[in-house]
Each structure stands twice: as structure tokens, then as C-alpha cells.
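All remarks here apply to the structure that follows.
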Amino acid sequence: MNRVVPILRMFDVALTKQFYIDFLGFSLDWEHRFEDGFPLYMQVSYGDCRLHLSEHFGDASPGSAVRIEVEGIAAFHAKLHERPYKYARPGLEKKPWDSTEVSVQDPSGNRLHFFESDKEE
């Protein structure tokens, strides 16, 4: 098996782009609509991480959770705090399952848990 690409539901394109692109630092790879005025389906990426975001009813349930492994979680956390985003100021948390995490919620209620393992391999 190879990469997993989660599909997350979105309701407000402008707020979703502000969150994923302006705040989290993802890049917009592409957008697709079957016709003008139809729901948007798009891909954003950050390094090897790819997420599909969809306005299509039934593509995904709002409020989903995704865990995304990150190298350099402290630096990622610091970058988030450098960006002006009034809806989130996430913490950097040590978890009892041997990881350090930054958790945020997108405008559609989806939860993203960015983590770095504290275990030595």
C-alpha cells in the first residue's frame, strides 16, 4: 500500500482556504467543479501530506479526525503562532502515548492532529 489521502467535508470555501493555506501553510494543488455553481472538490498539500476537501454532500462526514505525522513538530507549532489567525492558537502537548502533538479544528469541524513520535526507533 502507498499514501492515504483523506477526504474532508467543507462548507465555506473562503474560510477553508484561509485555514489550510494561510494558517497551516498548505499549498493549493488543484480545484475541480463539474460545472459553474457546482460543489468544489480540491486538493491541498504540505510536503508528502495530501488532503482532499469537498463540498459534495455525502463525500465525508463533518467532524472527522485525521492524524498527520510531522518531523519537527515544535518548529511547525512556532510557524503557526507566527501567522495571524484569530480562530486558533493551538498548544504543543506531550501525550501519554509517547508523542508531542498540535491539534486544530478546521472551519467545518474536522480535527487535525499533527504529531511527532517521542519514541526512539
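Examine the stretch 23-43 for a residue that is among the hydroxyl-bearing types (Ser, Thr, Tyr) and under 18 Å from Asp118 (Cβ atoms), and state whether such a residue exists. So far as the stretch 23-43 goes, no, none of its residues is among the hydroxyl-bearing types (Ser, Thr, Tyr) and under 18 Å from Asp118 (Cβ atoms). The number of residues in the stretch 21-44 being under 12 Å from His56 (Cα atoms), surrounded by 14 or more Cβ atoms within 10 Å (Cβ to Cβ) and of a type outside the set (Phe, Trp, Tyr) comes to 3. Among the residues of the stretch 15-41, those identified as closer than 24 Å to Tyr85 by Cβ and touching a Pro at 6+ places or on another chain (Cβ under 9 Å) are Leu15, Thr16, Gln18, Phe19, Asp22, Phe23. Exactly one residue out of Ser103, Ser61 is assigned to a loop (DSSP other than H, G, I, E, B) and of a type in the set (Gly, Ala, Ser), and it is Ser61. Within the set of pairs 6+ apart or on separate chains, which have a first residue in the stretch 77-103 that is within 17 Å of Asp22 (Cβ to Cβ), a second that is of a type in the set (A, V, I, L, M) and modelled with pLDDT under 95, and C-beta atoms under 9 Å apart? Close Cβ pairs (under 9 Å, with a partner that is of a type in the set (A, V, I, L, M) and modelled with pLDDT under 95) amount to Leu80/Ala88. Residues that are over 17 Å from Asp106 (Cα atoms) and in a strand (DSSP E or B) within the stretch 25-54 comprise Asp29, Trp30, Glu31, His32, listed in sequence order.
The values are calculated or read from the model by the stated rules, or taken from the named source; none is laboratory data. Values in this document were obtained by computation on a predicted structure and should not be read as measured data. In this analysis, Cβ positions are derived from the backbone assuming ideal geometry, glycine residues included, and neighbour counts consider all displayed protein chains.
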